[in-house]
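Engineer: Before anything else, here's the structure in question.
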């Protein structure tokens, strides 16, 4: 009889311990969930702010294009800049939307996949912004800035050969960079240094959220085991 009573008490203690462990697990997951939601919300906020700030150069470029519409040598560089800024604003809005559309009620694995898709989008945007930026943030920007701020004609103070050569170098850089990326991309992706760089380029907030999710998934796995 004493042995049966002891077994019952032991089983009761096991149930209480199991309930306590599950409660602690839920509390920890709730705390960690709040921690990884915050970086994603910050990322969405900063992306939205970046898109909003992009409206300022769009308005200035619009005014410049309107003022020099009859002078293609000034209007065309401004249009190139305008298109680039529009694409960047659109990409920022898309990143913000993806961050806001993440469903926090889904399983951890699915949330991790959404975050990885967001990270991949950000890296693509950065890559093409840098590549195409070689075209617009040198010669076209110089032409527009000199004319817009100081009413200086860049075509007169800089030789036409200088402008053409620099523009051609910017154009040549795009296919060259794409070729290097495709040729050595797999090898570079296995490099720890490149992986760290990619994590930094992907953004602190995305990386922080991803790390938090990984911790939760690892904890849940250990608890289930």
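The values are calculated or read from the model by the stated rules, or taken from the named source; none is laboratory data. Predicted, not measured: the structure shown is a model, and the values here were computed from it. All Cβ positions, even for glycine, are placed from backbone atoms using ideal geometry, and neighbour counts span all protein chains on display.
Engineer: Report yes if residue 100 is more than 22 Å from residue 43 (Cβ to Cβ) and within 17 Å of the chain's Cα centre (by Cα), otherwise no. Even if it seems obvious, please write down each step before you answer.
Structural biologist: On the way: more than 22 Å from residue 43 (Cβ to Cβ): no; within 17 Å of the chain's Cα centre (by Cα): yes.
So residue 100 does not fit the description; no.
Engineer: Oh, and also: Of all the residues that make up the stretch 62-82, how many are under 19 Å from residue 52 (Cβ atoms) and in contact with a helix residue (DSSP H, G or I) (Cβ under 8 Å, 6 or more places away or on another chain)?
Structural biologist: We begin by selecting, within the stretch 62-82, every residue under 19 Å from residue 52 (Cβ atoms); these are 62-63, 81-82.
Okay, now just the ones that are also in contact with a helix residue (DSSP H, G or I) (Cβ under 8 Å, 6 or more places away or on another chain), so 62, 81-82.
The number of residues fulfilling the criteria is 3.
Engineer: May I pose another question? On the basis of being surrounded by 11 or more Cβ atoms within 10 Å (Cβ to Cβ), at pLDDT 90 or above and either assigned to a helix (DSSP H, G or I) or in contact with a helix residue (DSSP H, G or I) (Cβ under 7 Å, 6 or more places away or on another chain) (or both), does residue 170 make the cut?
Structural biologist: So residue 170 does not fit the description; no.
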